Amino acid sequence: SKTNNRFQPNPGLTAGDVTIDVNGFKMPAYRSAPAGKTGLPVVLVISEIFGVHEYIADVARRLAQAGYMAIAPELFVRQGDPNEYGEIAKLQAEIISKVPDAQVMGDLDACVAWAAANGGNTYKLAITGFCWGGRITWLYAEHSKSVKAGVAWYGRLVGTPSPTTPKHPVEL
């Protein structure tokens, strides 16, 4: 579950939850950036299957301390709340397996648009992701020609196609 550290003041940073419009859907995200700065390079921070928890928020804050605007979107919000699951197999079956790649790509496109409208320089766009988010890192790097750098911390590169995951990074 979310800890209070996520909402405590961060000296020199603008950090906290924002809402990003995705074709009328209000997607929550955590964003952190150097306070009062614009023209910032942008890094999308993609969580593993547990969503945007304290560690992911901390990664965003550390990137902001290094001079980036970091955005960590809640990519599972339409399918459910991963924090409500204590069993990984059940979480995979009931939420993660129902998240379409196309939905995620659209959500990340909306994050990039939000960043451009809120002080980010999307000509300097990067993405990093952890486990499930590692796979998304490579998919988004192929999807968006604007991505200049991608760093995946694990992540599936191959797999059996399904309606929600029709292609995998190695295929693309």
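Overview of results
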| quantity | calculated |
| --- | --- |
| Members of the stretch 77-109 found to be under 18 Å from the mean Cα position of the chain (by Cα) and among the acidic types (Asp, Glu), listed by number | Asp81, Asp101, Asp107, Asp109 |
| Criterion (of a type in the set (A, V, I, L, M), assigned to a helix (DSSP H, G or I) and in contact (Cβ under 8 Å) with a residue 60 or more places away in the chain) met by exactly one of Leu108, Leu125 | Leu108 |
| Within the stretch 9-57, considering residues that are of a type in the set (D, E, K, R) and touching a residue at least 24 places away in the same chain (Cβ under 8 Å), the one surrounded by the fewest Cβ atoms within 10 Å (Cβ to Cβ) | Asp21 |
| Residue list for the stretch 86-100, restricted to those being within 18 Å of Val45 (Cβ to Cβ) and either in a helix (DSSP H, G or I) or aromatic (Phe, Trp, Tyr) (or both) | Ile96 |
| Top-ranked residue of the stretch 58-81 - restricted to ones that are open to solvent by less than 30 Å² (accessible area, probe 1.4 Å) and either assigned to a loop (DSSP other than H, G, I, E, B) or at pLDDT below 95 (or both), ranked as nearest to Thr122 (Cα to Cα) | Gly67 |
| Any pair with Cβ under 7 angstrom, 6 or more apart, that starts in the stretch 88-102 at a residue that is under 16 Å from Arg156 (Cβ atoms) and in contact (Cβ under 8 Å) with a residue 24 or more places away in the chain and ends at one that is aromatic (Phe, Trp, Tyr) and assigned to a helix (DSSP H, G or I) | Ile96/Trp132 |
| Extreme residue, surrounded by the fewest Cβ atoms within 10 Å (Cβ to Cβ), among residues of the stretch 110-143 that are of a type outside the set (A, V, I, L, M, F, W, C), over 13 Å from Pro169 (Cα atoms) and more than 14 Å from the chain's Cα centre (by Cα) | Tyr123 |
| Close pairs (9 angstrom Cβ cut-off, 6 or more residues apart or separate chains): hydrophobic (A, V, I, L, M, F, W, C) in the stretch 161-172, surrounded by 12 or more Cβ atoms within 10 Å (Cβ to Cβ) anywhere | Val170/Trp138; Val170/Leu157; Leu172/Trp138; Leu172/Leu139; Leu172/Glu142; Leu172/His143 |
| Scope the stretch 144-172; condition crowded, with 17+ Cβ neighbours inside 10 Å and either over 27 Å from Tyr55 (Cβ atoms) or touching a Cys at 6+ places or on another chain (Cβ under 8 Å) (or both); matching residues | Gly155 |
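The values are calculated or read from the model by the stated rules, or taken from the named source; none is laboratory data. In this text the structure is predicted, and so the values were computed from the model without any measurement. Positions of Cβ are backbone-derived with ideal geometry, glycine not excepted, and every protein chain shown enters the neighbour counts. To get the accessible areas, we keep the full protein, side chains included, count just its heavy atoms, and leave off ligands, DNA and RNA. Shrake-Rupley method; radii C 1.70, N 1.55, O 1.52, S 1.80 Å.
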